[in-house]
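Notes for the one structure printed next.
The values are calculated or read from the model by the stated rules, or taken from the named source; none is laboratory data. Keep in mind it's a predicted model, so treat the numbers as computed, not measured. Methodologically, a virtual Cβ is constructed for each residue, glycine included, from the backbone with ideal geometry; neighbour enumeration extends over all protein chains shown.
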Amino acid sequence: MAGNSFGQLFRVTTFGESHGPAIGCVVDGCPPGMELDASDIQPDLDRRRPGTSRHVTQRQESDRVEILSGVFEGKSTGSPIALLIRNEDARSSDYGDIAQVFRPGHADYTYWHKYGLRDHRGGGRSSARVTAPAVAAGAIARKWLAREFGTRIRGYLAQLGEIEIPFVDWDEVRRNPFFAPNASVVPALEAHLDALRREGDSCGARINVVADSVPVGLGEPIYDKLDADIAYAMMGINAAKGVEIGAGFRAVAQRGSEHGDELTPQGFLTNHAGGTLGGISSGQPLLVSIALKPTSSIRTPRRSIDTHGAPVSVETRGRHDPCVGIRAAPIAEAMLALVLMDHALRHRAQCAQVRCEVAPIPGEAPGTA
């Protein structure tokens with residue numbers, strides 16, 4: 001199976017399946033000498049892990065990360081960093097009745113045709129469980145970016161199903177299980193998810209991610225544009241169906257006199273471009289928004305076929321999130337961190353000696369995507 005590695009100079013290769021012994025990754029390219037231990041990685045994994053509230057899957061995984069290599073006496077050595085997360089609560093028996101059928105909305109049908117077989121236990125390699133190693137790798141990138149540039153990456157739930165969530169307070173994001181930036185909306189979110197569970201259905205979500213204190217100059221002008229690589233990374237997240245940078249599709253209705261972000265000696269006046277110009281970071285906050293489809297594993301009977309092509313009715317049992325977006329903010333943050341880390345190293349390799357007479361102007365104050 002190809003396509004398990006991400007990045008060029010900061011390269012992450014993930015491995016494992018939802019119901020295998022473990023999942024993990026190898027991080028290659030981390031600069032040496034950075035203080036690093038499991039406590040730098042675990043908090044982000046704790047934010048993503050299952051079983052944290054009644055609104056997400058009740059699979060009980062501690063997601064304790066083990067550092068197997070690449071760190072000596074508390075510092076990165078420059079060699080590959082191997083991270084391991086053991087699976088502790090897989091219940092493969094929950095999936096026995098779907099071994100010979102294709103679940104609507106899942107990768108079952110396409111995996112079967114591409115590889116000639118599939119791991120039906122929790123989706124195998126296509127499970128959202130395998131996002132945990134990417135979050136672990138992202139934690140390493142976040143620490144280096146914060147140390148070098150003061151970069152801060154934060155995400156939140158902007159919409160759950162039909163419920164839009166007005167941004168109020170970053171501090172509120174960590175106070176509720178939805179990563180919602182607005183306390184007044186939480187009761188409605190709870191009621192909506194409780195109703196979905198009773199109905200055996202699911203819904204989609206929108207996640208916004210903001211990175212501030214991003215240095216000017218990251219990204220290449222043609223095929224490796226920063227915003228193109230961000231979109232590529234975000235579309236690699238399970239269930240992602242759409243990505244916007246800055247104004248995104250709102251730019252269709254804007255005029256050039258509105259969309260083009262004017263510059264003054266004091267800074268940019270707006271940030272419709274979302275922190276990139278010509279595929280290169282402008283120093284403004286990076287504003288990214290992703291759309292996640294409704295969870296495909298639902299109890300509602302759906303029509304499908306089995307491996308012999310015969311019609312069947314599928315009802316997915318087991319432990320599933322009624323909305324995968326609830327735990328997606330840490331994943332989107334991690335993917336953004338991986339892109340920025342890779343491009344920061346690439347920029348340093350080619351352009352570290354570049355000096356401009358005009359200093360970078362201040363970026364817009366950190367805002368919402």
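For Gly217, the conditions (1) in contact with an Asp or Glu (Cβ under 8 Å, 6 or more places away or on another chain); (2) on the phi > 0 side of the Ramachandran plot all hold with the exception of (1).
Which one of these is at pLDDT below 95 and under 21 Å from the mean Cα position of the chain (by Cα): Gly29, Gly20, Gly24, Gly16?
Working: Gly29 fails: at pLDDT below 95; Gly20 fails: under 21 Å from the mean Cα position of the chain (by Cα); Gly24 fails: at pLDDT below 95.
After applying the criteria, what remains is Gly16.
Among the residues of the stretch 99-126, those that are at pLDDT 85 or above and over 14 Å from Ser304 (Cβ atoms) comprise Tyr111, His113, Lys114, Tyr115, Gly116. As a summary of the residue check, Ile140 satisfies the conditions (1) of a type in the set (Val, Ile, Thr); (2) at pLDDT below 95; (3) surrounded by 20 or more Cβ atoms within 10 Å (Cβ to Cβ) except for the one numbered (2). Taking the criterion of being closer than 30 Å to Asp108 by Cα, of a type outside the set (Lys, Arg) and at pLDDT 90 or above, the residues of the stretch 261-304 that qualify are Val288, Ser289, Ile290, Ala291, Leu292, Pro294, Ser304. Among the residues of the stretch 324-331, is any surrounded by fewer than 17 Cβ atoms within 10 Å (Cβ to Cβ), modelled with pLDDT of 90 or more and either of a type in the set (Ser, Thr, Tyr) or more than 28 Å from Val101 (Cα to Cα) (or both)? No, there is no match, as no residue in the stretch 324-331 is surrounded by fewer than 17 Cβ atoms within 10 Å (Cβ to Cβ), modelled with pLDDT of 90 or more and either of a type in the set (Ser, Thr, Tyr) or more than 28 Å from Val101 (Cα to Cα) (or both). Among the residues making up the stretch 187-215, those that are surrounded by fewer than 22 Cβ atoms within 10 Å (Cβ to Cβ), touching a Cys at 6+ places or on another chain (Cβ under 9 Å) and over 30 Å from Gly279 (Cα atoms) are His192, Leu196, Cys203.
Could you check the stretch 86-187 for helices (runs of 4 or more DSSP H) lying wholly inside it with 1 or more residues that are within 30 Å of Ala352 (Cα to Cα) and not basic (Lys, Arg)?
Values: elements: 108-115, 131-149, 170-173.
The qualifying helices (runs of 4 or more DSSP H) are 131-149.
Within the group Asn271, Asn238, Asn208, which residue is closer than 23 Å to Ala132 by Cβ and part of a loop (DSSP other than H, G, I, E, B)? Walk me through it before giving the result.
On the way: Asn271 fails: closer than 23 Å to Ala132 by Cβ; Asn208 fails: part of a loop (DSSP other than H, G, I, E, B).
Sole residue among the options that is closer than 23 Å to Ala132 by Cβ and part of a loop (DSSP other than H, G, I, E, B): Asn238.
In summary, strands (runs of 3 or more DSSP E) completely within the stretch 275-342 and bearing 3 or more residues that are not aliphatic (A, V, I, L, M) occur at 302-305.
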